[in-house]
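The values are calculated or read from the model by the stated rules, or taken from the named source; none is laboratory data. The structure presented is a predicted model; accordingly, all values stated were derived computationally and were not measured. When we count neighbours, we look across all protein chains shown, and the Cβ atoms used for this are built from the backbone with ideal geometry, even at glycine. Quick note on the areas: whole protein, heavy atoms, side chains included, nothing else; ligands and nucleic acids left out. Shrake-Rupley method; radii C 1.70, N 1.55, O 1.52, S 1.80 Å.
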Amino acid sequence: MIRGSVGNQIDKCAIRNIEECIKNEIDFGLYFYSYALNESQVKAETRVLLDLVKNYKDKIKYPIAIDMEDADGYKEKNGMPSNDRLVKICDTACTMIAQEGYFPMIYASQSWLMGRLRDDRLKGYAKWIAWWYEKAQFDKAIYPMWQK
């Protein structure tokens, strides 16, 4: 999984990483780290990533994921959205990704996936779980991708 963007900024290594995967025949997907506090902001972030990948559409074999967490405390410092709003942000991004013909996915830690993002509106989207322990102790049918 290649980081394509952070907020509204394309990752400086994204194009190189994509092209190296293509050159070396390595299947890949992408994700973007979201700073969005509302649906309007996540639409702009998602558009940045979708514009980045449009020339590689037939090469992307894995999902395109929204990385929804608060690793650097930005959301907390700027008015952490309610759980309902976080769910809407994820749903908005995944809907846009699917409308462009890609497989959408949500990436987050177990605490976010089981707490803030636990909602039936997100059941239809695959989840990529951040699990930093040796043994996978989660339902692999619910979380088909695991970042260790």
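Worth a mention:
- Annotation: per residue accessible area for the stretch 41-132 equals 48 Å², rounded to a whole number [probe 1.4 Å, protein chains only].
- Using Cβ point charges alone (K and R +1, D and E -1), the dipole size of the chain about the Cα centre works out to roughly 80 debye.
- Taking every C-alpha pair closer than 8 Å and separated by at least 6 residues, the mean separation divided by the residue count of the stretch 1-137 gives a relative contact order of 22 percent.
- Helical content alone sets the calculated 222 nm signal of the chain at -9500 deg cm²/dmol, taking -39,500 (n - 2.57) per DSSP H segment of four or more residues and averaging over every residue.
- Lys77 paired with Phe103, simple spin-label distance in nm, labels 7 Å along Cα-to-beta-carbon: 3.6
- Heavy-atom surface analysis with a 1.4 Å probe gives the stretch 1-143 a carbon and sulfur content of 46 percent of its accessible area.
- Length-normalised contact order of the stretch 72-128 in % [C-alpha pairs under 8 Å, at least 6 apart]: 38
- Beta bridges by DSSP in the chain, antiparallel share as percent, to the nearest 5: 10
- Annotation: amide H-H contacts under 5 Å for Leu30 (H modelled 1.01 Å from N, sequence separation of 5 or more, or interchain): Ile2, Ile64, Ala65.
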